[in-house]
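The structure appears right after this line, and notes come after that.
Just so you know, all these numbers are worked out from the coordinates, no wet-lab data involved. Just so it is clear, the model here is predicted, and its values are computed rather than measured. Cβ: placed from backbone, ideal geometry, glycine included. Neighbour counts: every protein chain shown.
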Amino acid sequence: MIYIYATDDSYLFVVPIYIACIFLFLYGIYRKYHDENLILGILISAAFYIIIDVNLFGVLHYLLSIQFIGYFIFCFICGIMAGLINEDIKRGALSGAIGMIIAMALTYPYIYFIIFVFGIYFPFQTLPSILGGAIGGALGSYIKKSYNYRKKTIIKPKSNPS
Amino acid sequence: MAIIDLYVASISIYVICITVFVIITVIAHRKFRDSDFLMGIAVSGILNLLVLLPLITILNLILGFVFIFGYVVSFFLGYVAGYFTKFFKRGLISGALGIFLSWLLFGLFSPSGFLSFYSLFYTFLLIIPSTLFGAAGGGIGGQIRENSDNRSNSETQIKETN
């Protein structure tokens, strides 16, 4: 995780703007889709990414050789969490992928977001994270959709005896 | 002030905080009679604790502005708590209590974490703002869920009348 050190005073202006941008981005998504499940999926997948990243940060970065697969697997799990909330497969994939991007925007803040996330770390970390989130989200929403479909077909309405 | 005085003062403030938390939770539960309310508190509290425990150390706080990260995650998990509770006011209280619960648990599990309740630095920079962010997230989540529930109810009523 990248830390902004206290030696720079510009954080007073940069930090609120950066946080406001994240919230504006989320608000824009909500205004566009008007889907509360999409927002919930994004937030849950981002929170799970942060929880896993914070707790397993050392392990993930120690295993550099399997970093691609490692990030893919744990973003896949986060994406499934997001997908299980959305029944639409496209929305599930979208919520998983956006959740991963927001989580990475928080773990690599400010200018580091451009330098690392869309620069140096793109092939090893960003790409597997977004791919894992999207595929996991699609799979999660597919699971939910098929489960709901099965439930609807099994539970038939009782016929009226009269 | 001797170390023992510091510890006694910290523990007494910590116990007061726990008592206040329990009283507010019991009063709110008696008023709302809602298991989702308690579920929201538990989920947001435990998930936020998983972020706090590895992340918040004094060294991190001094060197980097990790508290910003804590605010945004508190907002996310407050939103999750608010979404569970389905109403604006309940979401507000549930989000705030959930994040506050995570700080109380942090005081329990982290070595000498209860000292944070005595330190003004921790209290004004971390505990109060993150609780407020959690309350804001909970309020927004509850409001969004309330709106969507009202919309879907009105749609089903229109379908039934047709």
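Please give, to one decimal in nm, the separation of the simple spin-label points placed at A:Tyr142 and A:Ile69, each 7 Å out from Cα toward the Cβ.
My value for the distance between the label points is 2.2 nm.
Which of B:Thr85, B:Thr131 has the fewest other C-beta atoms within 10 Å, and how do the rest follow up to the most?
So the ranking, lowest neighbour count to highest, is B:Thr131, B:Thr85.
Relative contact order (percent) for chain B, with alpha-carbon contacts under 8 angstrom and 6 or more residues of separation?
Computed value for chain B: 30 percent relative contact order.
Distance check, please: which entries in A:Lys32/A:Lys90; A:Lys32/B:Lys89; A:Lys90/A:Lys145; A:Lys152/B:Lys89; A:Lys144/B:Lys159 exceed 22 angstrom between their Cα atoms?
A:Lys32/B:Lys89; A:Lys152/B:Lys89; A:Lys144/B:Lys159
In degrees from 0 to 90, rounded to the nearest 10, what is the angle of the helix B:66-85 Cα long axis to the longest principal axis of chain B?
40
List the relative contact order of the stretch A:11-146 as a percent without decimals, with contacts defined as Cα pairs under 8 Å and 6+ residues apart.
In percent, rounded to a whole number, it is 32.
Have a look at A:Ile80, A:Asn55, A:Tyr108 and report the one farthest towards the positive end of the charge dipole of the stretch A:11-146, computed about the Cα centre with Cβ charges (Lys/Arg +1, Asp/Glu -1).
A:Ile80
Over the alpha carbons of the stretch B:3-161, what is the largest minus smallest coordinate on each principal axis, giving the biggest first in Å?
Projected onto its principal axes, the Cα set of the stretch B:3-161 covers 72, 34, 20 Å.
Report D for the stretch A:11-146 in µm² per second (integer): Stokes-Einstein, Kirkwood Rh on Cα pairs, 10 °C, 1.306 mPa s.
Approximately 108 µm²/s, per Stokes-Einstein.
By how many nm would the segment from B:Asn147 to B:Ala9 lengthen if fully extended, with 0.36 nm per residue of separation less the alpha-carbon distance?
45.2 nm
So for the pair B:Ile46, A:Ile111, with labels modelled 7 Å out along Cα→Cβ, what separation do we get in nm?
With each label placed 7 Å out from Cα toward Cβ, I get 4.2 nm.
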